[in-house]
Ligand code: SF4
């Protein structure tokens, strides 16, 4: 009888990527992957601790698994597990608490468990880059982990304490990994890490690594999941117009006020940030920029907040992920006075979200009448859905369309709503009209 296993993942793309790899390990070995609402033999919860809300969500999902009636194996991993290990280990019905550096060993732990062996997690080999490649059935894109950890210690952030110091994966391993997944029909490579801009392996920095990846043979494209401003240098800027490069970057701004950036221990100024954006726009005019903004950092005045809004409008970020500041014990910001009340933080978040929606619609509408090269993700009743090189969702109809292939389309319209999908026609059909 096949064992049933369910996964829950919270937080960043790196966590999602690591879960995908674990799902593939279990699937290849004959486990049945089921939804976490179903009765399973094993529940794996890959947690996050970046905000109080993430802690709460992690605890709720863990409790749901603990309350299942058949005494399943409950394994908790990820940053909440790392940060709250002692708390979690108090519960007898949590079978394993696994730290981030041994997350890649989870298949061995569970498989040994069902074979009657007891593996002591703390004695297992540790390796943050030892994850196997996720199966093509999960996504049309493959995430490649190039880096882990962070040395920046931004004053609000708990990540350096739970993911550890910055580590860069050897570039030869990254290139080998990408070459092998390109032979498995992947068409999009997404580079992931905690702070990829700090990549440095034996003198090879992030831009040089990116250049080496873009020079690999094959019809594929490269996307960067998220970047701190420090990773942007002249080589990086010139690579943004490379034909294999997606025209989309998520650059973390966090605040539009230099005063707040300094309190956050961010090592750039608004002028530096604007210059980088401007230089990328010069090599690629309709580039898609998205960002993160924290509202209600301790001491954030109306004037500081106004500067974040102005920056959002001026830069034209097409999407803003906004977080109300929340205290993380152990960080420097937790000791700063002058905390902002929740009501004001909620108001500021709501203003940022509204501005972001206006930008998003305006940016997406600017594609009407232009061409995009879509990577088709799925086809339902002759209707294809996918993303163009600017990473905007597009829908179009046609015959003979194939999932996981590229198709050039002409953008003809846009749907209504807060996350409007672009509507298009395949170019071949357009040319034949
Ligand atoms: S760069 Fe700052 S915000 Fe990003 S992970 Fe490092 S410490 Fe956290």
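The values are calculated or read from the model by the stated rules, or taken from the named source; none is laboratory data. All values derive from a computational prediction rather than experimental measurement. Here the Cβ is made from the backbone with ideal geometry for all residues, glycine too, and neighbour counts use every protein chain on show.
Before moving on, here are some points about what is shown:
- When the stretch 266-297 is filtered for residues that are without any contact (Cβ under 8 Å) to a residue 60 or more places away in the chain, more than 12 Å from residue 255 (Cβ to Cβ) and outside any helix (DSSP H, G or I), the ones remaining, listed by number, are 284, 285, 289, 290.
- Meets criteria (buried (at least 16 other Cβ atoms within 10 Å of the Cβ), in a loop (DSSP other than H, G, I, E, B) and not assigned by TED's automatic domain parsing to the domain that holds residue 405) for residue 128: yes
- One residue alone among 253, 209, 239 is modelled with pLDDT of 95 or more and closer than 19 Å to residue 388 by Cα, and that residue is 239.
- In the stretch 156-165, the residues that are crowded, with 19+ Cβ neighbours inside 10 Å, assigned to a loop (DSSP other than H, G, I, E, B) and more than 7 Å from the ligand (Cβ to nearest atom): 156, 158, 163
- Filtering 110, 118, 94 for residues that are in contact with a strand residue (DSSP E or B) (Cβ under 8 Å, 6 or more places away or on another chain) and part of a loop (DSSP other than H, G, I, E, B) leaves a single hit, 94.
- Which listed residue, of 362, 378, is surrounded by fewer than 17 Cβ atoms within 10 Å (Cβ to Cβ) and under 23 Å from residue 222 (Cα atoms): 378
Conditions tested, residue by residue: (1) within 15 Å of the ligand (Cβ to nearest atom); (2) out of contact with any strand residue (DSSP E or B) (no Cβ under 7 Å at 6 or more places or on another chain).
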site	(1), (2)
258	no, yes
265	yes, yes
269	no, yes
325	yes, no
331	yes, yes
335	no, yes
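- Candidates 218, 149 - the one that is surrounded by 20 or more Cβ atoms within 10 Å (Cβ to Cβ) and on the phi > 0 side of the Ramachandran plot: 149
- Among the residues listed as 251, 232, the single one being under 20 Å from residue 195 (Cα atoms), touching a strand residue (DSSP E or B) at 6+ places or on another chain (Cβ under 9 Å), in the same structural domain as residue 178 (by TED's automatic domain parsing) and crowded, with 21+ Cβ neighbours inside 10 Å: 232
- Residue list for the stretch 362-384, filter: farther than 14 Å from residue 141 by Cβ, touching a residue at least 24 places away in the same chain (Cβ under 8 Å) and in a strand (DSSP E or B): 371, 372, 373, 379
- Residue ID - farthest from the ligand (Cβ to nearest atom), chosen from residues in the stretch 166-219 that are under 19 Å from the mean Cα position of the chain (by Cα) and assigned to a loop (DSSP other than H, G, I, E, B): 187
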